[in-house]
Amino acid sequence: MKFTQVRKKMEAENISQAAISAFESTFNSLVAGETGIIPEVTISPAGGLLTVEDDIAPNITQNPSLLSETVVLKLNGGLGTGMGLDFAKSLLPVKGDDTFLDLTAKQVVKMREDFGTNVKFMLMNSFSTSSDTLEFFRKKYPEIADEKGLELMQNKVPKLDRETFVPATCESDPSNEWCPPGHGDL
């Protein structure tokens, strides 16, 4: 299968060349019949790992001033379609009326208060979660919503026809022709 149709579709959406090249590699693996599954029998536990309690914690000197150089990055690209949702899973209530995003926002606000520094906060959204999430912050946490660079957008890749591997089409809703890459682009 040729990647030409996929490339054209991605270029028409102004997707970066780096993202197109990354997807081309994945596409070629798919067309070659690779599953990406690692058989469990080929995996063995890693030995000699350090432990936080014994090896790491005793060697750490706390330095809260480093928080001014720190970014709290919340991967927030998951639309809950598999759960029957049409909004970001992070907007589900998890404790009382608080959502996952409430808990994250409250942690960031508390960290800023406790350490007296404006720890940078960013959301890694997908095209599916961006508008719901930004609206949530505008309503509930306007001080965070107004921060420059709050959102880092994931790329998107075209859905493919299972048999032909050509880009899928959905004339009634072209946004259904796309999906996030599934790994947060990290």
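The values are calculated or read from the model by the stated rules, or taken from the named source; none is laboratory data. Keep in mind that what you see is a predicted model, and the values were worked out from it rather than measured. So basically every Cβ, Gly included, is an ideal-geometry build from the backbone, and we count neighbours across all protein chains shown. When the accessible area is computed, the model is the full protein with side chains, heavy atoms only, and any ligands, DNA or RNA have been set aside. Shrake-Rupley method; radii C 1.70, N 1.55, O 1.52, S 1.80 Å.
Within the bounds of the range 174-182, is there any residue that is touching a helix residue (DSSP H, G or I) at 6+ places or on another chain (Cβ under 9 Å) and farther than 30 Å from Ile20 by Cβ? No, the range 174-182 contains no residue that is touching a helix residue (DSSP H, G or I) at 6+ places or on another chain (Cβ under 9 Å) and farther than 30 Å from Ile20 by Cβ.
Listed by position, the helices (runs of 4 or more DSSP H) enclosed by the range 1-116 that each have at least 1 residues that are in contact (Cβ under 8 Å) with a residue 60 or more places away in the chain, over 30 Å from Tyr141 (Cα atoms) and among the hydrophobic types (A, V, I, L, M, F, W, C) are 4-12, 17-31. A single entry from Glu69, Glu151 fulfils the requirement of being among the charged types (D, E, K, R), closer than 27 Å to Trp178 by Cβ and surrounded by fewer than 17 Cβ atoms within 10 Å (Cβ to Cβ): Glu151. Of the numbered criteria (1) open to solvent by 40 Å² or more (accessible area, probe 1.4 Å); (2) in contact with a helix residue (DSSP H, G or I) (Cβ under 6 Å, 6 or more places away or on another chain), the one Phe121 fails is (1). Looking across the range 124-148 at every residue that is among the small types (Gly, Ala, Ser) and in a loop (DSSP other than H, G, I, E, B), the one that is surrounded by the fewest Cβ atoms within 10 Å (Cβ to Cβ) is identified as Ser128. In the set Thr51, Thr61, only one residue is open to solvent by less than 70 Å² (accessible area, probe 1.4 Å) and not aromatic (Phe, Trp, Tyr); that residue is Thr51.
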